[in-house]
1. Could you list, ordered by first residue, the pairs with Cβ atoms under 6 Å in which the first is in the stretch 466-491 and within 15 Å of Ile325 (Cβ to Cβ) and the second is part of a helix (DSSP H, G or I), at least 6 apart or interchain?
2. I'd like to check something: does the stretch 200-207 contain any residue that is touching a residue at least 24 places away in the same chain (Cβ under 8 Å) and part of a strand (DSSP E or B)?
3. So which of Arg251, Arg214, Arg285 is over 30 Å from Ile474 (Cα atoms), out of contact with any Phe, Trp or Tyr (no Cβ under 7 Å at 6 or more places or on another chain) and of a type in the set (D, E, K, R)?
4. Please go through the stretch 129-155 and pick out each residue that is under 19 Å from Ala185 (Cβ atoms) and without any contact (Cβ under 8 Å) to a residue 12 or more places away in the chain.
5. Go through the stretch 420-508 and tell me which helices (runs of 4 or more DSSP H), entirely inside it, have 2 or more residues that are of a type in the set (Asp, Glu).
6. With respect to Ser138, determine if the residue is at pLDDT below 85, of a type in the set (Ser, Thr, Tyr) and either surrounded by 15 or more Cβ atoms within 10 Å (Cβ to Cβ) or closer than 30 Å to Lys234 by Cβ (or both).
7. If we scan the stretch 181-199, do we find a residue that is more than 26 Å from Val128 (Cβ to Cβ), assigned to a helix (DSSP H, G or I) and without any contact (Cβ under 8 Å) to a residue 24 or more places away in the chain?
8. Check the stretch 356-371 and report whether any residue there is part of a loop (DSSP other than H, G, I, E, B), within 20 Å of the chain's Cα centre (by Cα) and touching a residue at least 24 places away in the same chain (Cβ under 8 Å).
Amino acid sequence: MRGLFLAVFALLIVAGDSGRFSPQLVHNASAVLNQSKAERQQVNGALVMLWNASMQGSEQGQSLLLSTFQNAYNTNFDNNSINQEDASYWLEKLVRLENADAAWLLYQMLGEEGASKRFMRLAAIGNVAEAQLAFAMSSDSPEKREKWLVRAASQGYVPAQAALADWYLLHGKQQLAKPLLAATAELDMQSAFKYGRLLWDEENVDEAKIHFSRAAKLGHQQASRALSVINRYKQYSPSNMPTISWASVSRTGSECLQRIQPFATSLATIIRADSLYNDFVKDTRLSSLPICIAPPIWLKNDVLSCSANFKKSGVLGCDVAPLAIAAKQREFSHAVVVSEQGKANVQNGVMYLDISDAYSVFVHELAHFSGFADEYPIGRGMARKLCDEDGIEDFVPPNVIVDSEYWYSPHSTVDKWLSIDPATIIAPAKTCMVLGKNSYKPSRRITFMEHHDSGVIPPLYLVLWREQLKKQNIQRPISMNFFQVFHQQGNQKEAAHWLEEYEAFVGE
């Protein structure tokens with residue numbers, strides 16, 4: 001209240017100045033404010049003079065009032081002649097004159113919790129770009145957010161231009177985002193990287209590399225990874241892929257009981273596939289498994305047709321027929337396809353991942369290649385097949401059993417657990433919860449088949465995994481996928497070839 005009293009007192013002292021010509025008021029006030037050691041009462045008097053000039057329509061008076069409070073705010077009101085209470089009082093008065101900059105400064109001073117959204121909105125309407133950006137981001141309405149982002153960006157405000165570009169990219173409007181990213185690429189490393197991505201997708205390789213390099217020099221990690229994979233990988237069509245010696249990628253020095261070839265479908269996905277591959281190479285937990293994974297192949301953009309809702313399945317999938325030529329050349333038994341977006345899953349011999357999937361998801365899905373079942377509640381359709389004593393006999397997952405009339409089913413799975421570790425504790429699993437049926441697993445711990453990100457791989461599971469890999473008759477290699485695809489297409493010659501490959505793999 002003391003600040004308000006001084007302001008009113010000063011108003012009375014200089015009341016005689018109220019009728020003066022506004023330039024004279026501004027001149028007198030400036031002379032006071034420019035004094036390095038002006039007293040509090042003198043400063044308040046100067047503020048009153050500037051307010052009187054403002055009331056007379058003086059833009060210079062409003063501007064000097066605003067800059068005085070802006071300077072005080074910038075120095076955390078260290079100058080004893082102006083405190084935050086004084087500033088709030090006069091800024092409120094300026095807001096009543098519809099001064100948008102005053103509204104924005106008042107909003108900044110009071111903070112999001114203490115300030116009315118009215119101040120932000122008034123500043124936005126008054127074309128304060130910072131306020132327009134803040135107002136846009138505070139809105140839950142897509143239409144309002146885009147409207148205010150456009151207004152802020154049109155003023156050349158770089159953060160707003162970058163935010164609007166992100167908005168367009170999020171909604172698949174790459175061509176609208178492109179000029180905004182081009183305008184901000186030299187000022188913002190994130191924009192430089194995203195602009196490089198757009199240029200790369202348009203096959204403007206040289207320009208894309210320039211922007212990746214600019215972003216990388218500014219410390220952008222994704223840009224550095226993009227340059228790294230561009231330098232280490234090249235794009236292939238299925239017919240011109242190099243051959244591979246699977247023995248050279250074996251970590252055990254023994255036979256490759258699964259030969260897995262990862263594929264990437266874009267620059268973003270080759271970055272992810274390369275990361276997954278390197279994580280696998282460094283993962284000592286899995287080093288004893290006779291699984292061989294080759295470095296990823298970067299496919300040309302038009303090779304695979306993928307969808308996040310492939311054939312209305314609700315999960316990620318692709319038409320894998322184009323990979324049949326590559327499978328003949330490289331002789332892989334399983335494939336991993338990293339696509340842009342979709343729910344991770346395994347379909348016979350193909351694993352589908354998207355760029356957001358962590359390495360832990362890859363390991364979880366890798367276990368599915370060998371027949372492991374999920375230990376979280378599975379869907380009703382799969383539960384009907386797996387969660388009874390007859391159905392589970394058709395699948396025989398190494399890590400899940402169900403109740404039977406006399407004991408557990410399959411009996412052979414329980415015998416296997418106890419033969420490996422007689423101290424095995426049979427614990428409840430959540431697999432069959434959707435049907436209200438009991439299922440069990442050989443560990444009390446939360447395993448990687450229940451929570452991929454936080455679960456562990458118990459030693460018993462690794463032994464079971466190695467045993468599963470030796471049973472090639474229970475696996476479903478990619479040859480089964482190819483057989484199904486070509487059979488559905490009516491290409492019986494190719495279908496017959498892949499059926500023979502499948503039977504050779506499983507030993508039938």
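The values are calculated or read from the model by the stated rules, or taken from the named source; none is laboratory data. Here the structure is a predicted model, which is why all the values come from computation and not from measurement. All Cβ positions, even for glycine, are placed from backbone atoms using ideal geometry, and neighbour counts span all protein chains on display.
1. Matching pairs, first to second residue: Ser479/Trp498; Ser479/Glu501; Ser479/Tyr502; Phe482/Ala324; Phe482/Trp498; Phe486/Glu494; Phe486/Ala495.
2. No; the residues of the stretch 200-207 include none that is touching a residue at least 24 places away in the same chain (Cβ under 8 Å) and part of a strand (DSSP E or B).
3. Working: Arg251 fails: over 30 Å from Ile474 (Cα atoms); Arg285 fails: over 30 Å from Ile474 (Cα atoms).
Checking each option against the conditions leaves just Arg214.
4. Once the filter is applied, which keeps residues that are under 19 Å from Ala185 (Cβ atoms) and without any contact (Cβ under 8 Å) to a residue 12 or more places away in the chain, the stretch 129-155 yields only Ser154.
5. 492-506
6. Against the criterion (at pLDDT below 85, of a type in the set (Ser, Thr, Tyr) and either surrounded by 15 or more Cβ atoms within 10 Å (Cβ to Cβ) or closer than 30 Å to Lys234 by Cβ (or both)), Ser138 qualifies.
7. Checking the stretch 181-199: at least one residue is more than 26 Å from Val128 (Cβ to Cβ), assigned to a helix (DSSP H, G or I) and without any contact (Cβ under 8 Å) to a residue 24 or more places away in the chain.
8. Among the residues of the stretch 356-371, at least one is part of a loop (DSSP other than H, G, I, E, B), within 20 Å of the chain's Cα centre (by Cα) and touching a residue at least 24 places away in the same chain (Cβ under 8 Å), which makes the answer yes.
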